[in-house]
Amino acid sequence: MQEYNIFYGTRAVIFDFDNTLVEFNYYSRKALEAVAKDMSDYFNDISFSPGYEKILSILISVSEKLDSEGVYDRTKWWEEALKELNLKVEKDQLYDWTSLYWSIASNNPVYDDTREIIEYLKSKGYKLGILTNDDGEGGNKLQRIKKVDISSYFDKIVIAGTNGVKPKPNIQPFVYICEQLNEKVENCTMIGDDPVKDCLAAKKAGLKSILIDRESKVKFAELYADYVIRSLRELEEFL
């Protein structure tokens, strides 16, 4: 048992979705590769293609930049990437690439530790919530959540960036989901993979926060969260 129990006083546990409960980055990368290949073929057919590798490199760079800025509409990702390549296409083609992207990126298996820990938390009497950002145009976050068949465990699911709820890292969605769970912010703990949008923002809102860093990639992780874990199973140490 740890000397410091982060769950002391916690009555509700709130999870991010992508890369926290389900695997997303791997499938997003595969989707970007498919879009890059299709873009390369498209421009090769009508003019001159910059080449698959260059397109993919720019897509990855643009996706990381816009995602960090809270731009989740993939169509805008393609527009920004094409701008860097000095290329233009019709809107319909952008939508086709967004459809291609989500046909791959929306296949998200739950992690091995996900169902185990949410069942364990539920059995201990904790309220459970999901707080995740919207997928943007062409995506459907709620459909993706329901697709993996874990939504029934959760008392509240909030898609930030929709229905008047601001996207993370704004503190408003954190306060909002606590209100929806009928709990004070100090009695709620947020668990997510993004050090800024999930953890630091949650702390600013008054919640406790746990960073799940499955691949130990976050530098100075302790600066963003109250506690850092590598697997959701580590939560059982506190319960």
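What to note about this one:
- Candidates are the residues of region 126-162 that are touching a residue at least 24 places away in the same chain (Cβ under 8 Å), part of a loop (DSSP other than H, G, I, E, B) and of a type in the set (D, E, K, R); the one that is surrounded by the fewest Cβ atoms within 10 Å (Cβ to Cβ) is Glu137.
- In a residue-by-residue description of region 81-103, the property of being surrounded by fewer than 19 Cβ atoms within 10 Å (Cβ to Cβ) and touching a strand residue (DSSP E or B) at 6+ places or on another chain (Cβ under 8 Å) applies to no position.
- Any hit, region 232-239, residues being crowded, with 18+ Cβ neighbours inside 10 Å and in contact with a Lys or Arg (Cβ under 6 Å, 6 or more places away or on another chain): no
- Qualifying residue in region 5-14 (condition: in contact with a strand residue (DSSP E or B) (Cβ under 6 Å, 6 or more places away or on another chain) and assigned to a loop (DSSP other than H, G, I, E, B)): yes
- Residues of region 99-149 satisfying the condition of being under 13 Å from the mean Cα position of the chain (by Cα), among the aliphatic types (A, V, I, L, M) and at pLDDT below 95: Leu142
- So Leu87, is it assigned by TED's automatic domain parsing to the domain that holds Val196 and either within 30 Å of Asp41 (Cβ to Cβ) or over 16 Å from the mean Cα position of the chain (by Cα) (or both): no
- Whichever residue in region 174-218 is of a type in the set (Gly, Ala, Ser) and in contact (Cβ under 8 Å) with a residue 24 or more places away in the chain and, among such residues, is surrounded by the most Cβ atoms within 10 Å (Cβ to Cβ): Ala202
- Picking from residues in region 29-83 that are of a type in the set (A, V, I, L, M, F, W, C) and touching a Pro at 6+ places or on another chain (Cβ under 9 Å), the one that is farthest from Asp194 (Cα to Cα) is Phe43.
- Any hit, region 89-99, residues being in contact (Cβ under 8 Å) with a residue 12 or more places away in the chain, β-branched (Val, Ile, Thr) and in contact with a Lys or Arg (Cβ under 7 Å, 6 or more places away or on another chain): yes
- Restricting the search to strands (runs of 3 or more DSSP E) fully inside region 177-239 and requiring at least 3 residues that are within 17 Å of the chain's Cα centre (by Cα) gives 188-192, 208-212.
- Among residues of region 23-66 being outside any helix (DSSP H, G or I) and touching a residue at least 24 places away in the same chain (Cβ under 8 Å), the one that is farthest from Thr114 (Cα to Cα) is Pro50.
Quick grid of which residues meet (1) more than 22 Å from Cys178 (Cα to Cα); (2) not polar (S, T, N, Q):
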residue: Thr189; (1), (2): no, no
residue: Ile210; (1), (2): no, yes
residue: Ala221; (1), (2): yes, yes
residue: Asp226; (1), (2): no, yes
residue: Leu235; (1), (2): no, yes
residue: Phe238; (1), (2): no, yes
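- Taken together, the residues in region 176-221 that are of a type outside the set (Gly, Ala, Ser) and closer than 13 Å to Phe15 by Cβ amount to 14.
- When residues of region 8-25 are limited to those that are of a type in the set (A, V, I, L, M) and over 15 Å from Ser209 (Cβ atoms), the one surrounded by the most Cβ atoms within 10 Å (Cβ to Cβ): Leu21
The values are calculated or read from the model by the stated rules, or taken from the named source; none is laboratory data. Computed from a prediction, not measured in an experiment: that's the story for all the values here. Because the Cβ atoms are built from the backbone with ideal geometry, glycine has one as well, and the counts that use them run over all protein chains shown.
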